[in-house]
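Below: one structure in structure tokens.
The values are calculated or read from the model by the stated rules, or taken from the named source; none is laboratory data. Source: prediction; values computed, not measured. Because the Cβ atoms are built from the backbone with ideal geometry, glycine has one as well, and the counts that use them run over all protein chains shown. For the accessible areas, the whole protein counts, side chains as well, though only heavy atoms, and no ligand, DNA or RNA atoms are used. Shrake-Rupley method; radii C 1.70, N 1.55, O 1.52, S 1.80 Å.
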Amino acid sequence: MDFGVVLQCTPPSSRVVELARIAETHGFSHVWTFDSHLLWQEPYVIHSQILASTRTVVVGPMVTNPSTRDVTVTASTFATLNEMYGNRTVCGIGRGDSAVRTLGGKPTTIARLADSVEIIRELGNGRSARIGETTVRLPWASRSELEVWIAGYGPRALELTGQVADGFILQLADPDIVEWTVATVRDAAEKAGRDPDAVTICVAAPAYVTDGSAAAAAHARDQCRWFGGMVGNHVADIVSRYGATSGVPAALTDYIAGRQGYDYNQHGRAGNTHADFVPDEIVDRFCILGSPEQHVERLRQLESLGVDQFAVYLQHDAKTATLDAYGESVLPAMMTSEVATESGIAR
């Protein structure tokens, strides 16, 4: 299993770059950032500095969207970064949330998302793309290599992911929901004539390492409760579109009954008052909290469900401590388990 870290582009930008460097030092393979230009600083400028300050990590947005970002500019940006720093970028993309809603807009359609994935990937890999009646190409990007990963929860987004995406991003770590979404994506890939295992599976969620005590667990939950509120915002959109009795698991839909709105000024922030409706059980299911051993136990479970990467959201008060704990305890334990499995030794 690979490990990534998800950062907000909160000033000072030098701190974002520093956290990326620490993550690489500890063995993380990917550095992701939010892409919401009104709430935080411009991510692609910071991506350039992260790439310049690191050697191997792959960098990308979690996630961009085709509404606030022109797809040809997005493709050109990735191709430029690839030319400058080697092919070390990945494009995470979705229908749009905070970047769109803070402008009074709504998430884009699945059809537009599908077109955007095609255009960005073709241009980002130095090939021609069709936009309306016009064929375009980045003539200088012949050596660029770019994968496009789709983030989503709903049935149609999962189906599209299986049909066209290089990777799937699920922003929560509940094993039951992971199992359902991965199966849905792989089924769609198979029906589209693709190799289901060719779609990289990335689960992203807050991780908070504690000493295992009840007091520490309570503090960790409060620091990560915002995530349930953020996910609830996506789920509410799914329920409004498909209904509460759709094929979406009840574990993903039931808890939003107490939801009464969402303030994007507090988006992705610990202490978000609009996440008070999120119960402790949901925080424990959606996030990974507890001792290093408890983290390893959940990660092994996710790995057994087909997860290729776990990306750690670091929107809490223990950013550096979490990276240190993962680098010193969690990643080595996961690597040991992989070696044991390859050797035929039971984990």
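Dipole size in debye (nearest 20) for the chain around its Cα centre, Lys and Arg Cβ +1, Asp and Glu Cβ -1?
Dipole size: approximately 920 debye.
Leaving ligands and nucleic acids out of the surface, order 40, 180 by accessible area at 1.4 Å, largest first.
I get 180, 40, largest accessible area first.
Ok, one more. Over the stretch 1-84, calculate the relative contact order: mean separation of alpha carbon pairs under 8 Å at least 6 apart, over the residue count, as a percent.
30 percent
Still on this structure, please answer the following. At 1.4 Å probe radius, can you tell me the per residue accessible area of the stretch 95-207 in Å²?
Here the residues of the stretch 95-207 average 42 Å² of exposed surface.
Of all accessible surface on the chain at a 1.4 Å probe, what whole percent is carbon and sulfur?
It is 48 percent, rounded to a whole number.
Further, regarding this structure: Expected output is a single nm value to one decimal: the length gained when fully extending between residue 280 and residue 70, i.e. 0.36 nm times separation in residues minus the C-alpha distance. What is it?
71.7 nm
Output the direction-averaged projected area (hull surface divided by four) of the convex hull of the alpha-carbon atoms of the chain, in nm².
17.4 nm²
Between 212, 104, 193, which gets the highest mean-square fluctuation from a Gaussian network model of the chain, Cα cutoff 10 Å?
Fluctuation is largest for 104.
How do the peptides 137-147, 20-30 rank, highest first, by the average count of neighbouring beta carbon atoms within 10 Å per residue?
Ranked by mean Cβ neighbours within 10 Å, highest first: 20-30, 137-147.
Going highest first, how would you order 200-211, 105-116 by mean Cβ packing within 10 Å?
Result, highest mean first: 200-211, 105-116.
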